[in-house]
1. Of all the residues that make up the range 27-52, how many are touching a Cys at 6+ places or on another chain (Cβ under 9 Å) and assigned to a strand (DSSP E or B)?
2. Looking at the range 30-45, can you tell me whether even one residue there is closer than 20 Å to Glu129 by Cα and in contact with a His (Cβ under 7 Å, 6 or more places away or on another chain)?
3. Name the one entry in Arg122, Arg101, Arg142 that is crowded, with 18+ Cβ neighbours inside 10 Å, closer than 26 Å to Leu159 by Cβ and among the basic types (Lys, Arg).
4. Among the numbered conditions (1) in a loop (DSSP other than H, G, I, E, B); (2) touching a helix residue (DSSP H, G or I) at 6+ places or on another chain (Cβ under 6 Å), tell me where Ala138 comes up short.
5. Would you confirm, using the coordinates I've provided, whether Pro167 is free of Cβ contacts under 8 Å to residues at least 24 places away in the same chain, of a type outside the set (Asp, Glu), surrounded by fewer than 17 Cβ atoms within 10 Å (Cβ to Cβ) and part of a loop (DSSP other than H, G, I, E, B)?
6. Any chance the range 98-115 includes a residue that's in contact with a Ser or Thr (Cβ under 9 Å, 6 or more places away or on another chain) and either under 19 Å from Ala160 (Cβ atoms) or at pLDDT below 95 (or both)?
7. Would you confirm, using the coordinates I've provided, whether Phe108 is touching a Gly at 6+ places or on another chain (Cβ under 6 Å) and either in a helix (DSSP H, G or I) or closer than 20 Å to Ser37 by Cα (or both)?
8. Collect the residues in the range 53-84 that are part of a helix (DSSP H, G or I) and farther than 29 Å from Pro167 by Cα, keeping them in residue-number order.
Amino acid sequence: MSNDDASLAATHPAEALAPGTPAPDFRLPTTPDQFVSLKEFRGRPLILAFYPADWSPVCGDQMVLYNEVLPEFRRLHAEVLGISVDGVWCHLAFAKDRKLRFPLLADFEPKGAIARTYGVYRPHEGICERALFVIDAAGTIRWSHVSPIGINPGADGVLAALEDLTPH
C-alpha cells in the first residue's frame, strides 16, 4: 500500500454492513478454551460492539458505559458482545480490571477476520473500527454505526435501535 493509499484508507474507512443484511456468523474465543458464536444468540437481539483495542482511554470508557447500561440492554432482551483484535489474555485482564459483565471476543487470528466480514477492519492500522451493530432475533442487522476512532459513540443509538425492535 502506498502512502497515498494509506492516507485514503485512514480518511475513508471500509463500508460497514448495512441494516437489512444478514449478520455473518462467527465463532470467536472469549477465554483460551471457550468460544462464542453468533448463532447462540438467535431468538433475542444482540449488540456487537467492535472497538480498536483494550486499554485505550476511549475504549475503556465505552466498554464501562455498556457495562453500566447492561441492565437496560437486558430489559430490552438484548445481550452485548465486545469484539477487538486483542488476544484472549489481554481481554481477560481488561475485563477483570474494568469489572465487565459481558463477554469480550478475540478477533485475533486470523487477525480481524470477523471485523473484515462486517466491513469494519482497518488494515492500514491492524485494528477494528469503533462500530456498533444491533442484530435482531432472526439474525438480521437492524442498525449499524461507525464512530470516529477517538469518539465514544455512547449508548443512545443502540437503545433507540433496540426500542424499535420492541413491539409496542
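The values are calculated or read from the model by the stated rules, or taken from the named source; none is laboratory data. Quantities reported herein were computed from a predicted structural model and do not represent experimental measurements. All Cβ positions, even for glycine, are placed from backbone atoms using ideal geometry, and neighbour counts span all protein chains on display.
1. Here is the first cut: in the range 27-52, the ones touching a Cys at 6+ places or on another chain (Cβ under 9 Å) are 50-52.
After this cut, where a residue has to be assigned to a strand (DSSP E or B) as well, the list is 50.
Result for the range 27-52: 1.
2. To start, the set of residues in the range 30-45 that are closer than 20 Å to Glu129 by Cα comprises 30, 38.
Narrowing further to those that are in contact with a His (Cβ under 7 Å, 6 or more places away or on another chain): none.
Within the range 30-45 (the criterion being closer than 20 Å to Glu129 by Cα and in contact with a His (Cβ under 7 Å, 6 or more places away or on another chain)), the answer is no, since none of the residues qualifies.
3. Working: Arg122 fails: closer than 26 Å to Leu159 by Cβ; Arg101 fails: crowded, with 18+ Cβ neighbours inside 10 Å.
Just one listed residue meets the conditions, Arg142.
4. So Ala138 meets the others, but not (2).
5. Values: free of Cβ contacts under 8 Å to residues at least 24 places away in the same chain: yes; of a type outside the set (Asp, Glu): yes; surrounded by fewer than 17 Cβ atoms within 10 Å (Cβ to Cβ): yes; part of a loop (DSSP other than H, G, I, E, B): yes.
The answer is yes for Pro167.
6. There is no residue in the range 98-115 that is in contact with a Ser or Thr (Cβ under 9 Å, 6 or more places away or on another chain) and either under 19 Å from Ala160 (Cβ atoms) or at pLDDT below 95 (or both).
7. yes
8. Within the range 53-84, the first condition is being part of a helix (DSSP H, G or I), and the residues that meet it are 57-75.
Once the filter is applied, which keeps residues that are part of a helix (DSSP H, G or I) and farther than 29 Å from Pro167 by Cα, the range 53-84 yields Pro57, Val58, Cys59, Gly60, Asp61.
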